[in-house]
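Structure first, commentary second.
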Amino acid sequence: MNDVLVMKFGGSATVLRDLARWVEAIERTSIPSIVVPGGGPFADAVRHNKYKMGYSEEAAHQMAILAMEQFGHALASLGQRMVPANSEEAIKAAIARGEIPVWMPYSLLCQHQEIEKTWAVTADALSAWLAARLGCRRVLLIKQTVVPENSTLFALRGAEIIDEAFLQMLAPGADVHIAGPYDLAGAGRRFAEGIIPGRPIARGWQGAA
């Protein structure tokens, strides 16, 4: 699993015409890959209704994980190679078949109570967690945000472009790329050529790998 790419596909793409284009680009990849879906409008509904209904942070976290699954099922329905996968075994089997597993995180995360159940842990951090767990050394975050040149993960966390827990869950030595709207035009070609779209992002603090 060392060369497998874990890519978090931000749910914000659901409100843009870019969704179908990103799906098409991802499906062209020659890199063995796992898609971690964001929550998008489904998670937004959890946030909105929390204030109306008053449910707990833990309940909201669990509901947001289910929101990721909702977006994941939508993604899988839009592609030909993408398939839902809710376990490590299902992920590995899909990759072996040449498919692109879309991680359905709820059942696996329920087994790991050490993961903080707050909004500090989003799909960003969970993509880093999954990559570390499976031994995947490459993580791609697909976002609808233009990342400034020479950005670092440390700075992006401070700017709230990545979540607070991402760096905590990222394995030492893991490579991180971020792709934004300007990377979409060439993403399919780069994926097909085995190149990760976007730009590599350094950690950015003293002594970090």
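Any idea what the relative contact order of the chain is, in percent, if you count C-alpha pairs under 8 Å spaced at least 6 apart? Present the calculation step by step, with values, prior to reporting the outcome.
Details: 401 pairs, mean separation 56.1, N = 209.
For the chain, the relative contact order is 27 percent.
Between Asn2 and Gln111, the contour length at 0.36 nm per residue exceeds the alpha carbon distance by 36.9 nm. With 0.36 nm allotted per residue and the present C-alpha distance subtracted, the Ala159-Ser56 stretch has 34.5 nm of extension available.
Dipole orientation for region 64-132: of the candidates Leu109, Leu126, Ala94, Ala94 has the Cα lying most toward the positive pole (charges on Cβ; Lys, Arg +1; Asp, Glu -1). Helical content alone sets the calculated 222 nm signal of the chain at -12500 deg cm²/dmol, taking -39,500 (n - 2.57) per DSSP H segment of four or more residues and averaging over every residue.
Assuming charge only on the beta carbon of Lys and Arg (+1) and of Asp and Glu (-1), the dipole of the chain about its Cα centre is about 340 debye to the nearest 20.
Shape call for region 74-174 from the C-alpha gyration tensor, a ≥ b ≥ c root eigenvalues: rounded (a/c under 1.5), prolate (a/b greater than b/c) or oblate?
Values: a/c = 1.85, a/b = 1.43, b/c = 1.29.
In terms of gyration-tensor shape, prolate.
Here the chain is described by how far its Cα atoms reach on the three principal axes: 48, 42, 33 Å, from widest to narrowest. Each Lys or Arg adds one and each Asp or Glu takes one away; over the other residues whose Cβ falls under 11 Å from the Cβ of Arg138, this sums to -1. Among the protein heavy atoms, those of Met169 account for about 40 Å² of accessible surface (1.4 Å probe, every chain in place). Mean sequence separation of contacting Cα pairs (under 8 Å, at least six apart), scaled by the length of region 7-101, corresponds to a relative contact order of 32 percent. Normalised by residue count, region 26-95 yields a Cα convex hull volume of 85 Å³ per residue. Would you mind telling me the antiparallel percentage of the DSSP bridges in region 63-209, rounded to 5? Roughly 15 percent of the DSSP beta bridges within region 63-209 come out antiparallel.
The values are calculated or read from the model by the stated rules, or taken from the named source; none is laboratory data. Here the structure is a predicted model, which is why all the values come from computation and not from measurement. Because the Cβ atoms are built from the backbone with ideal geometry, glycine has one as well, and the counts that use them run over all protein chains shown. Areas reflect the complete protein model, heavy atoms only, side chains present, ligands, DNA and RNA absent. Shrake-Rupley method; radii C 1.70, N 1.55, O 1.52, S 1.80 Å.
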